[in-house]
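The values are calculated or read from the model by the stated rules, or taken from the named source; none is laboratory data. All values reported here derive from a predicted model rather than from experimental measurement. Here Cβ is always computed from backbone atoms with ideal geometry, including for glycine, and neighbour counts include all displayed protein chains.
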Amino acid sequence: MTMKLAESSVAQYPVEFLLNAYERMQLIRQFEERVKLLFLEGAMPGTIHQSQGQEGCAVGVCMALEADDLLTSTHRPHGHALAKGLTPDEMMIELFGKGTGCCKGKGGSMHIGNIDKGMVPAIAIVGGGIPLAAGMALAIKMQKGSQVVACFFGEGATNEGAFHEGVNLASIWSLPVVFVCENNLYGASTSIDKVSKVKRVSDRAAAYSIRGETVDGNDILAVYEATKRAADECRRGEGPVLLELLTYRRTGHSRRDPCHYQPKDEQEYWFSRDPIAMLRGALVDELESELDAIDMRVDRVIESAVETAKLAPEPTIDDLTTDVYASEIAS
Amino acid sequence: MKRQSIAEALRDAITEEMERDEKVFCMGEDIGVPGGFGGAFTVTLGLEQKFPDRVLDTPISELGFFGAAVGAAIMGMRPIADVQYSDFLFLAMDQIVNNAAKLRYMSGGTLSVPVVFRAPVGATGRGSQHAQNMERYFIGVPGLRVVAPSNAYDAKGLLKSAVRSDDPVLIFEHKLLYGSKGARAESGAIDGSSDIPDEDYTVPLGKANVLRSGQHVTILAWLLMAHEALNAARALAEQGIEVEVIDVRSLSPIDWTTIAESVSKTGLAVIVEEGPKTGGVGAELSAGLMEHCGESLTAPVVRVASADVPVPFAPVLENAYRPDAARIVQAIRSVVV
């Protein structure tokens, strides 16, 4: 039995907004599913950390951001990137390690990003993006800008020193950072209960005298609203804010992980609360043909991205040694 | 023209760069507290009065504020972040190596990280954890530039180049060379002062400097050891041995053109390093000498370095740890026949 979002909350949004939210989540889901297949076929190099099940977090947060707001991500970045506006083409090409990808094939899955779209290459050291986000927000504040930085990390990162140091810096300087903790209950295979006695990640906000909030991460509208509130506070100089989004991975930590450590009843509970199915469930009576049309459109977009990526040129061997240093000293 | 210590020259360099470009700012521990120290060695003393919004005192959070410096740099600012003692760089290692040095590459060349990190090194009566020469850990980090000035002229010129560079630059400074005054003066300090021109100048990153010419043997040294090498050269000159002293100065990249030119003339190379011999910068220099001018060498490369031990506390042990002119003279006499 699949849950659906409450009709009363859905009714407060224009249909276009809801369909857009659905399409963006579906884009991530289908992108990830296709990448998984390509990976298992052996067509795609490297390793992958996927975000099926967490689409409500990525899309809910990014829909609440302005286009020029910034984002830092983690080793599990595909959803964040698509939600921030990177195209399936530039990402798929990158995942194939081709020279025309968004990082010229030098970043790959774990460092995907495009600063022109506000996304720093994903930082795959757990917690490593947190001090970075604080510094980006410091620059915004010093330049008297109005942007905010959304800093994604998992619950596992909250036991890193980088979390403590980065959040503390943002706190003492009142920086415009929305710290977005996607709590999917597991750091790789280790349950959060084993590694933290704190019941709610958002409780940790008290340690820095900032506001913390826990939200249902699979309810895209709740995520959107919480992020909007947090971003508004940041723009008013009342940041940072720590958001904890409760969610669940529908797939392994990385390649070929069968998730034997996830209890069956826990899986069933969370799978019944899939973020895409919950939104679809609330819309399907009135908008089934529109939703189906989106599914087909997304399918075509992903298919086309795969075809484009397969045909994209490999990097040349000369590319190995470029982009290490700036070519010249700026005067 | 004025005579300045390294601390004074660095302070002027920072001031001038902050005046020139409002994107330049400083962050670090105890760097701008009124009535405080001006950083551990007085380099930023008084800057907070001139630039109240651009001298940021940080928590004791080396990982945090080095990461914040990198984050600010990718947003177009030009931060100068310093640690009180270079030993603390281990705490910030992830941000320096995994983020600052790699973001340009990982982003396919779309990001620049114009950040400067400053870090004081050297064995100076503080035991093992405020004493190391950390150069060795950073010379093999692609994307990061590393410099180590031995005198005030170079310190000012290199810091200015570092601030203007679009690459991350790590500057190692030596505690005994600063010329810090008052309560922050160092016992056993060596004079690193220079005549500083009144006009703006830079010293290019990536270039070594021939401190003294000679035709019999080449010494490669940097920071404090450049001074010990000069002392040794002066002593040997009285015995008819003419030593060419090269201040390597840029540890990454290394200026092989200048070094190979010297060694092709002298045929002999002695490397002097403060820090354990094993795995030191001297090992890289030695291997590079073989690659770049090995056919010119008439005898094996000699390394003068510290013993493979942590930095000791007792003055008698610390003096034995740190190479000095006498040891350098001895090493040179072993190869110059």
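Go through region B:73-87 and count every residue that is buried (at least 20 other Cβ atoms within 10 Å of the Cβ), within 13 Å of chain A (Cβ to nearest Cβ) and without any contact (Cβ under 8 Å) to a residue 60 or more places away in the chain. Looking only at that region, the number is 5.
The residues of region A:13-48 that are at pLDDT 95 or above and over 20 Å from residue A:296 (Cα atoms), listed by number, are A:13, A:14.
Give region B:310-337 a look and list any residue that's in a loop (DSSP other than H, G, I, E, B) and touching a helix residue (DSSP H, G or I) at 6+ places or on another chain (Cβ under 7 Å), or say none. First the steps, then the outcome.
The initial filter retains those residues of region B:310-337 that are in a loop (DSSP other than H, G, I, E, B), namely B:310-314, B:322-324, B:336-337.
Result: B:311, B:312, B:323, B:324.
Please specify each residue of region A:103-139 satisfying the condition of being within 7 Å of another protein chain (Cβ to nearest Cβ) and hydrophobic (A, V, I, L, M, F, W, C). Even if it seems obvious, please write down each step before you answer.
So the first thing to find is which residues in region A:103-139 are within 7 Å of another protein chain (Cβ to nearest Cβ), and the list is A:103-104, A:106-107, A:111, A:113, A:115, A:120-121, A:123, A:125, A:128, A:131-136, A:138-139.
Selection gives A:103, A:115, A:120, A:123, A:125, A:132, A:133, A:134, A:136, A:138, A:139.
Is there any pair linking a residue in region A:136-157 that is modelled with pLDDT of 95 or more and crowded, with 24+ Cβ neighbours inside 10 Å to one that is part of a strand (DSSP E or B) and hydroxyl-bearing (Ser, Thr, Tyr), with Cβ under 6 Å and at least six apart or on different chains, and which? Going by the 6 Å Cβ cut-off, the qualifying pairs are A:151/A:72. Any residue at all in region A:74-90 that's of a type in the set (S, T, N, Q) and closer than 21 Å to residue B:66 by Cβ? Yes, there is a match, as at least one residue in region A:74-90 is of a type in the set (S, T, N, Q) and closer than 21 Å to residue B:66 by Cβ. Applying the set (1) of a type outside the set (Val, Ile, Thr); (2) closer than 24 Å to residue B:131 by Cα; (3) at pLDDT 95 or above to residue B:36 leaves exactly one unmet item: (3). Scanning region A:121-145 for residues that are of a type in the set (A, V, I, L, M) and either part of a helix (DSSP H, G or I) or farther than 18 Å from residue A:155 by Cβ (or both) gives A:130, A:132, A:133, A:134, A:136, A:137, A:138, A:139, A:140, A:142.
Does residue B:39 satisfy the condition of being among the small types (Gly, Ala, Ser), free of Cβ contacts under 8 Å to residues at least 60 places away in the same chain, assigned to a loop (DSSP other than H, G, I, E, B) and surrounded by fewer than 24 Cβ atoms within 10 Å (Cβ to Cβ)?
It is false that residue B:39 is among the small types (Gly, Ala, Ser), free of Cβ contacts under 8 Å to residues at least 60 places away in the same chain, assigned to a loop (DSSP other than H, G, I, E, B) and surrounded by fewer than 24 Cβ atoms within 10 Å (Cβ to Cβ).
When only residues in region A:146-194 that are assigned to a helix (DSSP H, G or I) and acidic (Asp, Glu) count, which is nearest to the other protein chains (Cβ to nearest Cβ)?
If we filter region A:146-194 for residues that are assigned to a helix (DSSP H, G or I), which is where we start, we get A:155-159, A:161-172, A:192-194.
Cutting the leftovers down to acidic (Asp, Glu) gives us A:155, A:165, A:193.
Working: A:155: 20, A:165: 3, A:193: 27 Å.
Here the residue is A:165.
So which of A:280, A:256, A:250 ends up being surrounded by fewer than 16 Cβ atoms within 10 Å (Cβ to Cβ) and not acidic (Asp, Glu)?
Details: A:280 fails: surrounded by fewer than 16 Cβ atoms within 10 Å (Cβ to Cβ); A:250 fails: surrounded by fewer than 16 Cβ atoms within 10 Å (Cβ to Cβ).
After ruling out the rest, the residue left standing is A:256.
Which residue out of B:309, B:272, B:329 is farther than 20 Å from residue B:139 by Cβ, outside the structural domain of residue B:130 (by TED's automatic domain parsing) and in contact with a Pro (Cβ under 8 Å, 6 or more places away or on another chain)? Break it down stepwise before answering.
Working: B:272 fails: farther than 20 Å from residue B:139 by Cβ; B:329 fails: in contact with a Pro (Cβ under 8 Å, 6 or more places away or on another chain).
After applying the criteria, what remains is B:309.
Suppose the filter is out of contact with any strand residue (DSSP E or B) (no Cβ under 6 Å at 6 or more places or on another chain) and either crowded, with 24+ Cβ neighbours inside 10 Å or not assigned by TED's automatic domain parsing to the domain that holds residue B:152 (or both); does residue B:219 pass it? Here the answer is no, as residue B:219 does not meet what is asked. Restricting attention to region A:60-78 and to residues that are assigned to a loop (DSSP other than H, G, I, E, B) and more than 14 Å from every other protein chain (Cβ to nearest Cβ), the residue that is farthest from residue A:232 (Cα to Cα) turns out to be A:76.
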